[in-house]
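Trainee: Can you keep this structure in mind? I'll have questions shortly.
The values are calculated or read from the model by the stated rules, or taken from the named source; none is laboratory data. Please read these numbers as outputs of a predicted model, since none were measured by experiment. Counting neighbours? That spans all protein chains shown, and the Cβs are built from the backbone with ideal geometry, glycine included. Please note that ligands, DNA and RNA were not included when accessible areas were found on the heavy atoms of the full protein model with its side chains. Shrake-Rupley method; radii C 1.70, N 1.55, O 1.52, S 1.80 Å.
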Amino acid sequence: MPEANWRDLGPLEDFTSQPLRQVLVDKTPIAVSYTEGGFGAVSGVCNHVGGPLGEGRLDGEYIVCPWHQWKFHRRSGVGEPGFEEDRVPRYETRIEGGRLLVNVVPATSRSRKPHDPHPLARPIDRAPGGIRVAGISTTNMDESNPRYSTSDALLQESLDHARTALQCETKLIRLSALRFRNCEGYYSKSAQACTWPCSITQMDPQDELEPVYEAFVHWADVVLVATPIRWGVASALYFKMAERLNCVQNQITIRDRVLIRRKVAAFVITGGQDNVQGVAGEMLCFFSELGFQFPQFPYIAHSRGWSAEDMERNVEHVMKSAELREGAQQLAVRAVELAKVLVSTCPVVEQTPRGGRKAYRLEIERGPESR
């Protein structure tokens with residue numbers, strides 16, 4: 001066995017006063033824990049994506065990673081029941097003269113249980129065939145008691161035209177029919193904590209946002225997003241989806257990996273209130289940052305304005321308006337025609353120049369030691 005290398009971590013009271021602490025010894029992160037049962041020391045690097053175990057919390061005798069809640073025994077480093085094959089190294093500790101010492105030569109090795117990759121993590125390779133159009137409805141409603149929605153109606157008109165007149169394969173995804181969690185801010189903990197697929201999707205089999213990820217990244221060539229106007233902005237369901245799509249954009253920021261390739265987005269925006277251009281502007285900005293491209297005139301919209309909240313007549317107008325139906329059809333035409341050009345002629349962009357992009361670090365910020 002390698003010769004022991006004991007290092008002084010500091011006064012004992014520094015470690016008895018808190019149940020869990022992350023320390024750095026010669027660039028080695030170690031999670032030091034203390035309960036009435038004594039001290040434990042294991043690697044401070046989680047097996048999942050490297051989360052700082054010592055910055056997490058204790059759940060009984062297990063350390064819970066602060067990033068994605070993986071658990072390891074605070075003394076042995078072994079994973080929680082059912083995941084014993086996942087193990088982080090453990091370290092010996094001892095007390096001398098009122099100080100805590102650790103042997104930085106690990107007593108056990110790291111072991112990773114084989115985990116099958118998530119289906120969404122497969123290589124991005126467009127399947128042969130015609131143009132595929134996904135419609136995303138962000139109108140919230142009781143699915144058991146559906147009501148008429150003007151944005152839904154025009155979205156359906158676009159999809160019907162794409163399927164019948166343009167011979168596209170189509171798919172409608174209603175966010176109100178899916179049960180999915182809000183973004184829980186993993187990126188706010190650390191850039192590396194935001195993963196693709198989304199950590200929630202990986203951890204929670206009950207989360208139902210996977211069809212949206214599948215459509216955006218793998219299946220669709222065109223994404224048509226419909227939203228009502230709610231207090232001058234897009235719907236709450238739209239923003240709930242957008243927050244969870246942050247993992248797609250963060251792959252560009254963190255990995256310089258573009259997931260949205262040769263895809264088109266267009267929008268249907270309706271409401272009893274105005275601010276169409278404000279809603280459209282936010283959507284155009286967000287979807288451009290994901291990597292989508294847009295046809296000429298990338299959205300259609302309808303609004304009665306602030307002083308005309310006669311919603312019954314607003315609904316009746318949309319139901320009877322041949323112009324709005326034609327507009328929805330032509331939105332599909334413009335989006336599909338651009339998608340055909342992109343799929344047939346444009347190269348796949350897997351990376352993007354970093355200058356001026358989000359999270360690009362200027363030379364002056366890096367400092368001379370990194371040049």
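Trainee: Once you list every other residue whose beta carbon is under 13 Å from the beta carbon of GLY10, what net charge do they have if Lys and Arg are +1 and Asp and Glu are -1?
Mentor: Details: positive: ARG7, ARG21, ARG99; negative: ASP8, GLU13, ASP14, GLU96.
Surrounding charge for GLY10 is -1.
Trainee: Over the range 9-72, what is the relative contact order in whole percent, taking alpha-carbon pairs under 8 Å and six or more residues apart?
Mentor: Answer for the range 9-72 is 23 percent.
Trainee: Relative to the present Cα-Cα distance, how much length would full extension add between GLU312 and LEU12 at 0.36 nm per residue of separation? Mind showing how you got there, number by number?
Mentor: Working: separation 300, 0.36 × 300 = 108.00 nm, distance 7.24 nm.
So the chain would gain 100.8 nm between GLU312 and LEU12.
Trainee: Can you give the helix-only mean residue ellipticity at 222 nm for the chain, where every DSSP H stretch with n ≥ 4 adds -39500 (n - 2.57) and the sum goes over all residues, rounded to the nearest 500 deg cm²/dmol? The partial results should precede the final answer.
Mentor: Details: 11 runs with 104 residues, N = 371.
That comes out to -8000 deg cm²/dmol.
Trainee: Give the total of Lys-Lys pairs in the chain with Cα-Cα distances below 22 Å; include a pair only if its members are 8 or more places apart or on different chains.
Mentor: Taking the chain as the scope, the lysine pair count is 12.
Trainee: Net charge near LEU338: determine it from the other residues with C-beta under 13 Å of the C-beta of LEU338, scoring Lys and Arg +1 and Asp and Glu -1. Mind dumping the intermediate values first?
Mentor: Numbers: positive: ARG262, LYS263, ARG334, LYS340; negative: ASP221, GLU337.
In short, +2.
Trainee: Where only protein heavy atoms count, and the probe is 1.4 Å, what is the accessible area per residue for the chain in Å²? Before the final figure, lay out the partial values.
Mentor: Details: 18440 Å² over 371 residues.
Computed with neighbouring chains in place, this is 50 Å² per residue.
Trainee: Find how many whole Å separate the alpha carbon centroid of the range 247-324 from the alpha carbon centroid of the range 111-188.
Mentor: Cα centroid to Cα centroid, the span is 15 Å.
Trainee: Still on this model: To the nearest 10 square angstrom, how much accessible area does ARG94 have with a 1.4 angstrom probe?
Mentor: Rounded to the nearest 10, that gives 90 Å².
Trainee: If DNA, RNA and ligands are ignored and the probe is 1.4 Å, what is the ranking of LYS171, LYS263 by accessible area, most exposed first? Please list the in-between numbers first.
Mentor: Working: LYS171 75, LYS263 10 Å².
Accessible-area ranking of LYS171, LYS263, largest first: LYS171, LYS263.
Trainee: Using a 1.4 angstrom probe on the protein heavy atoms only, line up MET141, MET241 by accessible area, largest first.
Mentor: Values: MET141 25, MET241 0 Å².
Result, largest first: MET141, MET241.
Trainee: Send over the semi-axes of the chain's equivalent ellipsoid, whole angstrom and largest first, taken as the square roots of 5 times the C-alpha gyration tensor eigenvalues.
Mentor: Values: eigenvalues 523, 97, 71 Å².
For the chain, the ellipsoid semi-axes come out as 51, 22, 19 Å.
Trainee: Hey, any idea what % of the range 97-218's accessible area is carbon plus sulfur with a 1.4 Å probe?
Mentor: On the way: 2900 of 5890 Å².
Percent of accessible area from carbon and sulfur atoms in the range 97-218: 49.
Trainee: DSSP loop chymotrypsin sites (Phe, Trp or Tyr not before Pro) in the range 34-103 with at most 16 other Cβ atoms within 10 Å of their Cβ, which ones?
Mentor: On the way: sites: TYR34, PHE39, TYR62, TRP67, TRP70, PHE72, PHE83, TYR91; in loops: TRP67, TRP70, PHE83, TYR91.
Taking the range 34-103 and a limit of 16 other Cβ atoms within 10 Å, the loop chymotrypsin sites (Phe, Trp or Tyr not before Pro) found are PHE83.
Trainee: Please give the net charge around ASP86, taking every other residue with its beta carbon less than 12 angstrom from that of ASP86, where Lys and Arg add +1 and Asp and Glu add -1. Write down the numbers at each step before the final one.
Mentor: Working: positive: LYS71, ARG87, ARG110, ARG112, LYS113; negative: GLU80, GLU84, GLU85.
Surrounding charge for ASP86 is +2.
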